[in-house]
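Let me begin by presenting the structure, written as structure tokens, before commenting on it.
Rule-based calculations on the coordinates, nothing more; no lab input. None of these values were measured; they are calculated from a predicted model.
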Amino acid sequence: MLRSFSCCTWLLVRVDQVYAEFRLIRVTGMLPELGLTAWDGKAGFRVTTQTIDAQRALVGTYYLSCGICVLGTSQPQMLPHGDCIIQAAAHVARYGEQPGDKHLMSLVFVMSRIEKVRLALSSKGSLHEWPRIQREFDELSAMPGLPPWLQTTLLYRYVISSATKFWLC
Amino acid sequence: MSRLCPFVIIADTTTAEALLQHHPFILCAILVITTAYEVPEQNAFDAAFRELLAKTVIIEGKRSLDYLQGLLIYLSWHQTSFRHENAQVFQLLHMAIGKSGPGVR
């Protein structure tokens, strides 16, 4: 009896119209899962802020995702290039105190171009973009004071150039 | 190490004791990748790393920057501890991506 009654209630009337409190509980329960708030013991819920280490880790996750999926294997890219990656890299480049922080934007740029090259490899229609991508890589590699990890990443421009020659032949 | 992997910064003055106290997962990941030439020790550390990961992240559902940074270190040098029988690079990478959301502190 109770079960049928509750089923009718759920089917006929939207629960958030009936139970305002339930809606409030549901929303507040979603906030920690979305990462907007966090339970902080006696202080209760508080709004989370992305620290510079968290943003640095986000850029690192993107770097690893692109490196492992796009370059290492033929798996699809798990964490695609997006605004949040650019914003995180820009924030670290602006406020970071490490010597290589200012090059994180370049790293994100290189990896996004590698993503594009990967897409171009799978479709010949994007071949016209390759000379521009190669030129951008060359300009970036000519920058003075590049850290070693970015120099290693730029080695992939040779892969791009050889792939271009292969496809154009 | 931070010079080659600029995504996890550990100060030069940080001791192993401080890491064990505040960032045990990072210390465990460092121990796994730095014992590449001592296979039995590396296997033991690798098992401890995976057990700690499963216990805290999967069973207890904790979200912390410590786990994400440890995963990044482990995945950045995964070739040093790669074994065919328990290779989980993509699973761990998925886990790192899931943990790199806005809730990480």
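Remark: the B:Tyr37-B:Gln88 segment gains 16.3 nm on full extension, using 0.36 nm per residue and subtracting the alpha carbon distance. In terms of its alpha-carbon gyration tensor, chain B comes out rounded; the largest-to-smallest axis ratio a/c stays below the 1.5 threshold.
Karplus-derived 3J(HN,Hα) values for the range B:10-25, using 6.51 cos²θ - 1.76 cosθ + 1.60 with θ = phi - 60°, are 10, 5, 4, 7, 6, 9, 5, 5, 5, 5, 4, 6, 9, 9, x, 5 Hz; glycine and proline are entered as x. Per-residue ellipticity at 222 nm from helix content only, as computed over chain B with -39500 (n - 2.57) for each DSSP H run of at least four residues, stands at -16000 deg cm²/dmol.
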